[in-house]
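Following: one structure in structure tokens, then a few remarks.
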Amino acid sequence: MASTQQPQNLRRHIGGRQARPFWGAIVCGCGVLCSPMFAEVKVADFGTTTDGIAVKQYTLTNSHGVVVKLIARGATLAEWHVPDQHGNMDDVVFGFDDVAGYESKDNGYFGATAGRVANRIAGGKFKIDGQEYTLAKNDGPNTLHGGLQRSLDKVVWEGQSFEKNGEQGVAFKYVSPDGEEGFPGKLTCRVTYTLTDKNEVRIDYNAATDKATPINLTNHAYFNLSGAGSPTILDHELMLAADHYTPIDETLIPTGQIAPVAGTPFDFREFHKIGARVDQLTDQPGKGYDHNFVLNSQTGKLALAAKVRDPKSGRVLSVYTTEPGVQLYVGNFLTGAKGKGGKTYNHRSGLCLETQHYPDSINQPKFPSVILRPGKTYQHTCVYQIATE
Ligand code: GLA
């Protein structure tokens, strides 16, 4: 399309706001503006929660035709369509076709933002500055992923789409009131997703509080690099930039020890098939990998945490983070949920690499602190990149 038209007639009303189209100024030999790159985040209604709240869906596209869909419930990464080594597109993350699916018990935090405190808090209790706080226990004797009813994966976030430097994204915001799910302080959380032209999904987290409070945000995407719904991830090969991990007790709470991975099934310093040693792990519920790894980089700067290769599709997932840990979870509790397009998510058919602080840090004085104080800002960046080789 050759056009010198101005974009006014292309403006769309998005999510109650005027969207500003992105114009890539391409000036061809004739000196006129040709083939303007009109890039716009598509916003659609995804449905309504049982509480009657409308949930928006956002579609991001990059110049390689990679498509990412996000939904406002749980600030969730719901779809990611990427090419394999032959250029065939597959959606490689778990999700559902409707809000009811996300609200169902089959939803193991698929693609969601987990918090206020992702992962486990032992006994559903902690103390800050001498004051004890009690939370709902939703995982045996412990609290998992921020609680029972209004954890961050279950609430509807406010989304604002954007285009910046030719890249599309959505900035989600949620203000969690003081006391929500038992946590102190009014917590203002922001999670910003950007789809880059390097086929990365970049997730920037930011939060502020008005009372000292624990915080640990992460994304809980389940990947199967052969396409979500493929039978297994045990054939995927994993590398982790971690010389140490945190051993756990029979309820998946860290013992407090920081143990070397050398000579154990946790040694992924070089690529190993996930299935090669997974059955040696029999000591905790679910068995298999569901452990925090202590990343070698502890600088708070973005560094490589993990790489996953799928020999079948040739897709390679690289994970970068500013966080000190990553939880490797290989879908031990999956039992055949019916997901997008009727696909089945069977036992160990998806894997999560949740960049975060270590589990139960609020009760473990030797672990890096998860306490956010008023006047300070919580920040965390995680980049998932999918390439082929
Ligand atoms: C986390 C936990 C797992 C499991 C999943 C959700 O990653 O570590 O034990 O509870 O969430 O099913």
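Observations on the structure shown:
- Directionally averaged projected area (convex hull, Cα atoms, the range 200-287), nm²: 8.5 nm²
- For Gly350, the residues whose modelled amide H falls within less than 5 Å of its own, excluding neighbours fewer than 5 places apart on the same chain, are Ile233.
- Mean shadow area of the range 237-336, taken as a quarter of the surface of its Cα convex hull (nm²): 6.9 nm²
- Candidates Ala78, Ala276, Ala242, ranked by Gaussian network fluctuation over the chain, Cα under 10 Å, top entry: Ala276
- Separation of the Ala54 and Asp283 label points, Cα + 7 Å toward Cβ, nm: 5.2 nm
- Extended-chain gain in nm, criterion 0.36 nm per residue less alpha-carbon gap, Lys164 and Gln85: 25.6 nm
- Kirkwood estimate for the chain, i.e. one over the average of 1/r between Cα atoms, Å: 21.5 Å
- Reachable aspartates and glutamates, given that their alpha-carbon falls under 18 Å from the alpha-carbon of Lys56 and they are not under 8 places away in the same chain: Glu40, Asp45, Glu79, Asp97, Asp98, Glu103, Asp153, Glu158, Glu163
- Whole-Hz couplings from phi, Karplus 6.51/-1.76/1.60, listed for the range 173-190; x for Gly and Pro: 9, 9, 9, 8, x, 3, x, 4, 6, x, 8, x, x, 7, 10, 9, 10, 10
- Gaussian network model of the chain, springs between alpha carbon atoms under 10 Å - residue of Pro311, Pro365, Pro260 with greatest fluctuation: Pro365
- With the alpha-carbon atoms of the range 285-389 aligned to their principal axes, the span from lowest to highest coordinate is 46, 34, 24 Å, starting with the largest.
- Here Lys164 is the anchor, and the lysines within straight C-alpha reach of less than 20 Å, apart from those fewer than 8 places off in the same chain, are Lys42, Lys69, Lys173, Lys198.
Taken together, the values in this text are just the output of simple stated rules run on the coordinates, not laboratory data. As the structure is a computational prediction, the values presented were derived from the model and not from experiment. A quick note on method: Cβ atoms are made from the backbone with ideal geometry, for glycine too, and the neighbour counts reach across all protein chains shown.
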